[in-house]
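K.L.:
Please find one structure pasted underneath; my questions will follow.
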Amino acid sequence: MPLLKLLHFTALIAWCGTLLYLPALIAASCRTAYSVERPGHPGLNRTIFTLVATPAALLAIGSGTALFLRDGTFGIWLVAKLTAVAVMVICHALCGLLILQCERQPRPALTIACAALGSLTFAMMAATLWLVLAKPF
């Protein structure tokens, strides 16, 4: 089914894009919330997380599972890929925790955590893409 693959790719692009964008957005909003000026859209972090990133993640994981079950492919590369995706899910949850932390008590020190989270997320996306395209194992 090409439509299932299209759904999977579209959801992945949306999810990965928001996972790369959210740490920068959270860091920026924590810096401005700490200063005298308040950001123009204080709920933007939560809105993007709940209305874009989370539904896209659920669609990507659900359609990926359906593709795996339909094709019946299995290999060590798939286990490694699913491990990388699991780390991306953890990064997704950590974005939510950083949003809550920034809403409760904004601190400029959260920018370091956001940078580390963004780097880890990018590394897992690169590893997932390499595992899918190269199928090294």
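The values are calculated or read from the model by the stated rules, or taken from the named source; none is laboratory data. Note that the structure is a prediction, hence the values are computed from the model and not measured. A quick note on method: Cβ atoms are made from the backbone with ideal geometry, for glycine too, and the neighbour counts reach across all protein chains shown. These accessible areas exclude ligands, DNA and RNA; they are computed on the full protein's heavy atoms, side chains included. Shrake-Rupley method; radii C 1.70, N 1.55, O 1.52, S 1.80 Å.
K.L.:
Being open to solvent by 70 Å² or more (accessible area, probe 1.4 Å) and touching a residue at least 12 places away in the same chain (Cβ under 8 Å) is the filter here, so list the residues in region 96-106 that pass it.
P.N.:
103
K.L.:
Quick one: is residue 46 in a helix (DSSP H, G or I) and touching an Asp or Glu at 6+ places or on another chain (Cβ under 8 Å)?
P.N.:
Taking the combined requirement at face value, the residue satisfies it.
K.L.:
Looking at 51, 59, can you tell me which residue is farther than 26 Å from residue 133 by Cα, open to solvent by 70 Å² or more (accessible area, probe 1.4 Å) and assigned to a helix (DSSP H, G or I)?
P.N.:
Numbers: 59 fails: farther than 26 Å from residue 133 by Cα.
Unique residue meeting the criteria: 51.
K.L.:
Name the residues in region 67-88 that are touching a residue at least 12 places away in the same chain (Cβ under 8 Å) and loosely packed, with under 15 Cβ neighbours inside 10 Å, would you?
P.N.:
Answer for region 67-88, where residues must be touching a residue at least 12 places away in the same chain (Cβ under 8 Å) and loosely packed, with under 15 Cβ neighbours inside 10 Å: 70, 75, 76.
K.L.:
Which residues, taken from region 107-125, are open to solvent by 50 Å² or more (accessible area, probe 1.4 Å) and in a helix (DSSP H, G or I)?
P.N.:
112, 115, 116, 119, 120, 122
K.L.:
If the Cβ limit is 8 Å and pairs must be 6+ apart or interchain, which residue in region 112-137 that is farther than 27 Å from residue 74 by Cβ and among the aromatic types (Phe, Trp, Tyr) pairs with which residue that is open to solvent by 40 Å² or more (accessible area, probe 1.4 Å) and in a helix (DSSP H, G or I)?
P.N.:
The qualifying pairs are 122/20.
K.L.:
Consider residue 119 carefully, then state whether it is modelled with pLDDT of 95 or more, polar (S, T, N, Q) and over 26 Å from residue 6 (Cβ atoms). Walk me through how you get there before you give the answer.
P.N.:
Values: modelled with pLDDT of 95 or more: yes; polar (S, T, N, Q): yes; over 26 Å from residue 6 (Cβ atoms): yes.
It is true that residue 119 is modelled with pLDDT of 95 or more, polar (S, T, N, Q) and over 26 Å from residue 6 (Cβ atoms).
K.L.:
Then there's this: Working only within region 13-51, note down all residues that are hydrophobic (A, V, I, L, M, F, W, C), at pLDDT 75 or above and over 12 Å from the mean Cα position of the chain (by Cα).
P.N.:
Matches in region 13-51: 24, 25, 26, 27, 28, 30, 44, 51.
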